[in-house]
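To keep things clear, I will list the structure first and then write my remarks on it.
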Amino acid sequence: MLNIAVCDDEKYICDFLKKSVMDCLAKADLEGNVTVFDDGQPLVDLYREKKANFDIILLDITMKKCDGMTAAKMIRAIDSKVMIVFVTSSAEYVFSGYEVRAFRYILKPELLHGFTGVFKECLDELTKSNEVRFTFQKASETVSLPLRDIIYFESDKRIIIIKSQNEEYSFYGKLDEIEEQLKKQDFVRCHQSFLVNAKKISSVKQSVLTLNNGETIPISKRRAKETNEAFLWAMR
C-alpha cells in the first residue's frame, strides 16, 4: 500500500493529480491512498507530530501561505526517504530543489501529457529501492536490510559497522568486497574506511561530507571527485 500526498492551493490541480495518481496505480496493479492538502503547513505538522507516512509527495511550490519549498525543507529535515516531486508553474525554481533532493519537477502546463511518465518513474524508483537489500551473517544470524535504509558502512580493521536508519550492526567482512557488491547502487567509497549511501548525503565539501542525520564523514583527496559526482548524481 503506497501513501501519496498531494499539496496544492488550487483545487482543480488537486483533483487532477488525485485522479491521475489513482489511474496510474490501477494500471500498475498497485494499491494506494491519496491525501490532499491545500497548504504546506498541515502537511509539515503531520510530520512534526510523527503521523506522516508518505512514499511520494506531489508539492506545489508557489502556495500563498506555507510555500512548497519551505514545506519541503522542513519535511526533509524529518524524513530523508520520502520522494518529493515539485509541481510548479515556472521553471525558475528548478535548481532550488537540489537543496531538498527533489526527485523530479513537472510544470503545470505539461501535466496533462507529462504526469503519467513522471509518476511511473517514481513508482519504478520505489520498486527498485524496496527490492534491493544487503544481506550479511552476524554470528549464527542472517540479517537482511533494505539498501535504502543503510546510511554507510565503516571498516575498522576486520570489523564492518553498518549504520542504518534505526540501528547499528557489526560483522566480520571486507569493505572492498562490499564496495564491489554495491558498485551499481548509489554508494560511494569516499574514504578508505567509509562506503556511504550517496542518497543520504546533504552536502559535500573538499575534505568532508555531511549526512542527513548530521554526521560528518571524511573524504580522502583521491576520492573527492568521485564523491562529489556520486552526490550530484544521487540528487537527480
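Suppose only helical runs count, i.e. DSSP H with n ≥ 4. What mean residue ellipticity at 222 nm does that imply for the chain under -39500 (n - 2.57) per run, divided by all residues and rounded to the nearest 500 deg cm²/dmol? That calculation yields -10000 deg cm²/dmol at 222 nm.
Taking only Cα atoms, what is the 0 to 90° angle, nearest 10, from helix 68-78's long axis to the longest principal axis of the chain? Compared with the principal axis, the helix lies near 30 degrees. A straight chain from Ile161 to Asn213 at 0.36 nm per residue would run longer than the Cα-Cα distance by 17.1 nm. Between 0 and 90 degrees, the angle of helix 11-27 with respect to the longest Cα principal axis of the chain falls at about 50 degrees. Taking 0.36 nm per residue of separation and subtracting the Cα-Cα distance, full extension of the segment from Ser220 to Phe171 would add 15.2 nm.
Highest mobility in the GNM of the chain, judged by mean-square fluctuation with C-alpha springs under 10 Å and restricted to Ala28, Ala72, Ala198, is found for Ala28.
In this model, which of Lys11/Lys199; Lys157/Lys225; Lys64/Lys200; Lys157/Lys199 are farther than 29 Å apart at the alpha-carbon?
Lys11/Lys199; Lys64/Lys200
Against the main long axis of the alpha-carbon atoms of the chain, helix 111-131 sits at an angle near 30°. Residue-wise, which Karplus ³J(HN,Hα) couplings in Hz belong to segment 139-149, taking 6.51 cos²θ - 1.76 cosθ + 1.60, θ = phi - 60°, and x for glycine or proline? In residue order, the calculated couplings are 6, 9, 9, 9, 10, 10, 10, x, 4, 5, 8 Hz. Between Gly68, Gly117, Gly40, the Gaussian network model of the chain with springs among Cα atoms under 10 angstrom shows the greatest mean-square fluctuation at Gly117.
Kirkwood hydrodynamic radius computed over segment 100-236 comes to 16.2 Å, based on all pairs of distinct alpha carbons.
Translational diffusion coefficient of the chain at 4 °C, 1.567 mPa s, Stokes-Einstein with Kirkwood Rh over Cα pairs, in µm²/s as a whole number. Once the numbers are plugged in, D ends up at 68 µm²/s. Spin-label model, Asp29/Val143: points 7 Å from Cα along the beta carbon direction are separated by 3.5 nm. Fewest neighbouring Cβ atoms within 10 Å first, the residues Ser140, Ser193 line up as Ser140, Ser193.
Any read-out appearing in this document is the output of simple, stated calculations on the displayed coordinates, not a laboratory observation. Predicted model only: the values in this text are computed from it and were never measured. We place every Cβ from the backbone using ideal geometry, glycine too, and count neighbours over all the protein chains shown.
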